[in-house]
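Some notes on the structure that comes next.
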Amino acid sequence: MCPFHKCLHLLSPLNKTLGRLVCFKTNGWTQITVSATITRAYEIRRLALNRKAFTLIELLVVIAIIGVLAALLLPVLGMAKAKAAAVRCTSNLHQIYVGMSLYADDHDEMFPVSGSLIPWDQTDATTGLPSWMQQIFPYTKSQAIYHCPLDTRSAFSYFNGSRAAYVVANKFASVDRRRIAFPQAFVLSGDTGGTATKVGQFDPTDADKDDYTQNCVGGPTGGGSVWMDWQRHGAGQNLLFADGHVQWYGGYVASDMTFRYDTMSAW
């Protein structure tokens, strides 16, 4: 038998597995070329046929693991979101402080006055002025800073701390910065809710929320019979003081807060 036919005879069983074989004789050597493409195709098909699908138990285990991970991560994500909102609220109050301070610089040391219910772009019948937020708008240049990210009821989330002026004048009046004896404790602003207990409420459209006649700090422990909802950030609220610092409180703290010019007093 010639070498050529002998080669085909020996390799014929491999033809079924490896694909097309070409046998030829060159320079006294017999060479065999296997089609790599066909060989690879057979190998892929063999692996695909031998691969096992996921069982129902394996799928249930994977789903259970995903559920456990989600239960662990969701509270963490919620806390991170609340923390970010608190930071944004604090930043808002810092910018409000800058606006109020610049306003006082230009208005003989008087902070903006509040009136009755004053929606944005409207004026109060008594004071003849727009809301306290709009009075300082030329300095803040942004309406967005008046909204706490966690306030779902109103675009205007902060109150004007003018209780001291109201107690002295017994009417709508501006706080006189020169008369503040304890700036580190004088509550100048802070976030407040939309409704009040017993009587009255803050209208969601009111851009002139204030603490003239309703307590906005600490809820029922803050010293007033009418108090606004205040627990926006967890179990407390962010407050702005006349020295410019902002701090979170879980309620009224007598040693840290005052609503009078020259005494440490509750609302």
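Points to keep in mind about this one:
- Contact order, relative form, for the stretch 214-267: 29 percent (alpha carbon pairs under 8 Å, 6 or more residues apart, mean separation divided by residue count).
- Label-to-label distance for TRP248 and ASP203 is 3.3 nm, based on points extended 7 Å past Cα in the beta-carbon direction.
- Overall Cα dimensions of the stretch 61-249 - principal axes, largest extent first, Å: 70, 35, 34
- Full-extension gain in nm, ALA80 to ASP262, via 0.36 nm per residue minus C-alpha separation: 61.6 nm
- Sites SER116 and VAL68 - FRET efficiency at Förster radius 51 Å, r taken between beta-carbons, to 0.05: 0.40
- Proxy reagent accessibility, fewest Cβ within 10 Å first, across LYS209, LYS141: LYS141, LYS209
- Farthest toward positive dipole pole in the stretch 127-267 [+1 Lys/Arg, -1 Asp/Glu at C-beta], among ALA235, VAL187, TYR166: TYR166
- Placing pseudo-labels 7 Å out from each Cα toward the beta carbon at GLU109 and LEU59 gives an inter-label distance of 7.7 nm.
- Label positions at LEU150 and GLN231, each projected 7 Å from the Cα along the C-beta direction, are separated by 1.1 nm.
Only the coordinates and a few stated rules stand behind these numbers; no lab work does. If you're wondering where the values come from, they're calculated on a predicted model, not measured in any experiment. For neighbour counting, all protein chains shown are included, and Cβ atoms are generated from backbone atoms with ideal geometry for every residue, glycine included.
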